[in-house]
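What follows draws every value from the coordinates through simple rules; no lab data is involved. Treat the numbers as computed from the prediction; the structure is a model and nothing was measured. Cβ atoms come from the backbone with ideal geometry, glycine included; neighbour counts cover every protein chain shown.
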Amino acid sequence: MFDAVIVDAVRTPLGRRQGSLALTHPVDLLGGLLRQLVERNGLKATTVDDVIVGCVDQVGEQGANVARNAWLSAGLPESVPGVTLDRQCGSSLQALHFAAQGIMSGAYDIAVAAGVESMTRVPILSTIAVHGTPMTQDLTERYQMHRWNRKFFDQALGAEMITKQWALTREDLDRFGLRSHQLAGTARALGAFEQEIIPVSVRTAPDSDTWRLFSEDEGIRPDTSLEKMKALPPAFRDLEFITAGNASQITDGASAALVMRKEVAERLALKPRARFVSFAVVGVDPVSMLTGPIPATRKVLDRAGLQVSDIDLFEVNEAFASVVLAWQKETGAPWDRVNVHGGAIALGHPLGATGTRITATLLNALEQRGGRYGLIAICEGGGMANATIVERIG
């Protein structure tokens, strides 16, 4: 088995819904990032064996294999194939798994793992937007009534169920949301994101020939307060705890990682930044849905032969504050090692792009702090989660 290493990981700045990236087609958003990744590493693009991209709502502008479309639209060589996958919020982390596993098996020498989601232009749940058709209704009844005897469940309800199961309070959730914004604000002020962010040229208005450079995440609110968090009303139906302040933001963005066989990186005089240690994918109860990071963390640690105490930094996706709070209660991970540059509550959660976005943020945080091991865990719709452990090199 070959060693798979990460040579680079980059992302666009993340845009709010209807924000700076709203006028940018997702194919162009990802394509530009892929081209920049290849160019900044001095890589001959024809040497890439595959481009594996995570995207959740694969319809409309993100349909018809956005991986292939983005690569070609960027003027990159047609000899390089691309494939798009959907493992919900962990899609680009799964793309990273598949890229690394392809290299470890000898099937690839060089692969790109990436993700994209324009939640402004292709709204969440666009792939199932037509409700009430016989097929949709049949699936709804099979999943919700025949098997779990529930008329309704979704991620917000799952987050609320987790809040109650782990005896969390609304203030616990709001304090965590505040923490995310404060940590992200500090990280941005200190330049912690500069190495991972590739600025994007964006139009200033529809059909405008005027462009500007978009270079910083839009969702961070460093001046928010606990009082402002507490004043927010519940954001979902009749739920009690989940608000816009303690849930991830709807966001536009793209991210990508360059993965190689270690010997290939050395031959090309490219310095590996990290190696892959272990991978895990799990399924959990699809009603509460979001508890997967807990068993995924245990499984990936067990496969690596490591303990929680061995991990220098954890990145657990902040889909909802309750997900990370429950995970921490179960794992006992020290808070000063968890999401140290903030997370999706402050930065945003562009569904398919989140996995490799987190990877880029984690690698930079490990390098800035001199850490060795980093662990990523992401909860996913339908009751799944994936997790990865990487080891910093150098």
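Can you tell me the FRET efficiency between residue 285 and residue 154 if r is taken as the Cβ-Cβ distance and R0 is 22 Å, rounded to the nearest 0.05?
The calculated FRET efficiency here is 0.95.
Given labels modelled 7 Å from the Cα in the Cβ direction, how far is it in nm from residue 3 to residue 223?
4.9 nm
Could you work out how far apart the two model spin labels at residue 195 and residue 165 are, taking each label as a point 7 Å from the Cα in the direction of the beta carbon, and quote it in nm?
Spacing of the two 7 Å Cα→Cβ label points: 3.7 nm.
Any idea what the dipole of the chain comes to, in debye rounded to 20, about its Cα centre with Lys/Arg Cβ at +1 and Asp/Glu Cβ at -1?
Numbers: 39 positive and 44 negative charges, 81 e Å.
Dipole magnitude for the chain comes out near 380 debye.
For the chain, please report how many Lys pairs fall under 22 Å Cα to Cα, leaving out neighbours fewer than 8 apart on the same chain. Show your work: numbers first, answer last.
On the way: 44/262; 44/271; 151/164; 164/230; 164/329; 262/271; 299/329.
Qualifying lysine pairs in the chain: 7.
Per DSSP helix of 4 or more residues, -39500 (n - 2.57); summed, then divided by the residues of the chain. What does that give at 222 nm, rounded to the nearest 500?
Working: 12 runs with 131 residues, N = 394.
Helix-only estimate at 222 nm: -10000 deg cm²/dmol.
Among 226, 190, 76, whose mean-square fluctuation peaks in a Gaussian network model of the chain (Cα, cutoff 10 Å)?
Answer for the Gaussian network model of the chain: 190.
Cα centroid distance between the stretch 309-336 and the stretch 152-177, in Å?
15 Å
Rounded, prolate or oblate, given the Cα gyration tensor of the stretch 181-327, with a/c below 1.5 counting as rounded? Mind showing how you got there, number by number?
Details: a/c = 1.96, a/b = 1.07, b/c = 1.84.
Oblate, since a/c reaches 1.5 and b/c is not below a/b.
Where the centroid of each part is defined by its Cα atoms, how far is the stretch 43-64 from the stretch 72-121 in Å?
Taking the Cα centre of the stretch 72-121 as reference, the centre of the stretch 43-64 is 5 Å away.
Mind giving me the nanometre distance, one decimal, between the label points for residue 310 and residue 207, set 7 Å out from Cα along Cα→Cβ?
For residue 310 paired with residue 207, the spin-label model returns 6.1 nm.
When a/c reaches 1.5 or more, the comparison of a/b and b/c decides; with that in mind, is the chain rounded, prolate or oblate per its Cα gyration tensor? Can you show the working numbers first?
Values: a/c = 1.35, a/b = 1.23, b/c = 1.10.
Rounded, because the longest to shortest axis ratio a/c is under 1.5.
Normalising by the residue count of the stretch 160-220, find the relative contact order in percent from Cα pairs under 8 Å and 6+ residues apart.
Values: 31 pairs, mean separation 13.7, N = 61.
Computed over the stretch 160-220, the figure is 22 percent.
Out of 383, 348, 177, any idea which swings most in a Gaussian network model of the chain, alpha carbons joined below 10 Å?
383
From the square roots a ≥ b ≥ c of the eigenvalues of the alpha-carbon gyration tensor of the stretch 283-350, which class results: rounded (a/c under 1.5), prolate (a/b over b/c), or oblate? Provide the component values of the computation, followed by the final result.
On the way: a/c = 1.91, a/b = 1.12, b/c = 1.70.
Note, shape of the stretch 283-350 comes out oblate.
What range in the chain is the longest one free of trypsin sites (Lys or Arg not before Pro) that are in a loop by DSSP and have at most 12 other Cβ atoms within 10 angstrom? List each step's numbers first, then the result.
Numbers: sites that count: 44, 150, 151, 237.
The reported range is 238-394.
Normalised by the number of residues in the chain, what is the relative contact order in percent for Cα pairs under 8 Å and 6+ residues apart?
The normalised contact order for the chain reaches 28 percent.
With springs only between Cα atoms under 10 Å, which of 208, 255, 20 fluctuates most in a Gaussian network model of the chain?
Checking each option, the largest mean-square fluctuation is seen for 208.
So which DSSP H runs in the chain come out at 27 Å plus along the axis (Cα) with average Kyte-Doolittle of at least -1.0?
Correct list, ordered by number: 170-189.
Restrict the search to the stretch 239-315; then list the GluC sites (Glu not before Pro) that DSSP places in a loop and that have at most 12 other Cβ atoms within 10 Å of their Cβ.
Answer by residue number: 240.
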